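Below is one structure; the comments refer to it alone.
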């Protein structure tokens, strides 16, 4: 498979049905956004992302200190690929990477309230629900929506 200029395969990326490829770090070095591509055809499946707030220079020093050791997991899969295990596969690899390689101590994930499939993915990975029905503004802008927030502490392995 050909990757775009500057793309690098995550070490955990070539152990399943999909490869994880990213074009470096998103957000000036305080996170990763990786594309998921089918191993056999190279077709795009979706993305998996990890933000590390403690590395975000846009946050105040106190906010960064509070977020030390925390990663924020996200993923999105094309609708035609829903229900085929790609969200879980990509998220599981990034969770392992976050704990084993980056040394993070906790991961957080928010999903739209009522998204049963994504909640199932997170529970399978060991996440537990910590807040239900929170109002949250999307990072990319737009009106706030209700989310359920999940947390995973320590290395699950």
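Quick notes on this structure:
- Checklist (1) at pLDDT below 85; (2) within 27 Å of residue 129 (Cα to Cα) applied to residue 100, failing item: (1)
- Test for residue 65: is it within 16 Å of residue 111 (Cα to Cα) and either in contact with a helix residue (DSSP H, G or I) (Cβ under 9 Å, 6 or more places away or on another chain) or at pLDDT 80 or above (or both): no
- For the stretch 22-46, the tally of residues that are touching a helix residue (DSSP H, G or I) at 6+ places or on another chain (Cβ under 8 Å) and at pLDDT 85 or above stands at 4.
- Residue 12 meets all of the listed conditions (1) at pLDDT below 85; (2) part of a strand (DSSP E or B); (3) closer than 20 Å to residue 107 by Cα but one, namely (2).
- Here the strands (runs of 3 or more DSSP E) wholly within the stretch 51-157 that include at least 3 residues being surrounded by 13 or more Cβ atoms within 10 Å (Cβ to Cβ), free of Cβ contacts under 8 Å to residues at least 60 places away in the same chain and within 15 Å of the chain's Cα centre (by Cα) are 70-77, 106-112, 145-153.
The values are calculated or read from the model by the stated rules, or taken from the named source; none is laboratory data. Since the model is a prediction, treat every value here as computed from it, not as a measurement. Positions of Cβ are backbone-derived with ideal geometry, glycine not excepted, and every protein chain shown enters the neighbour counts.
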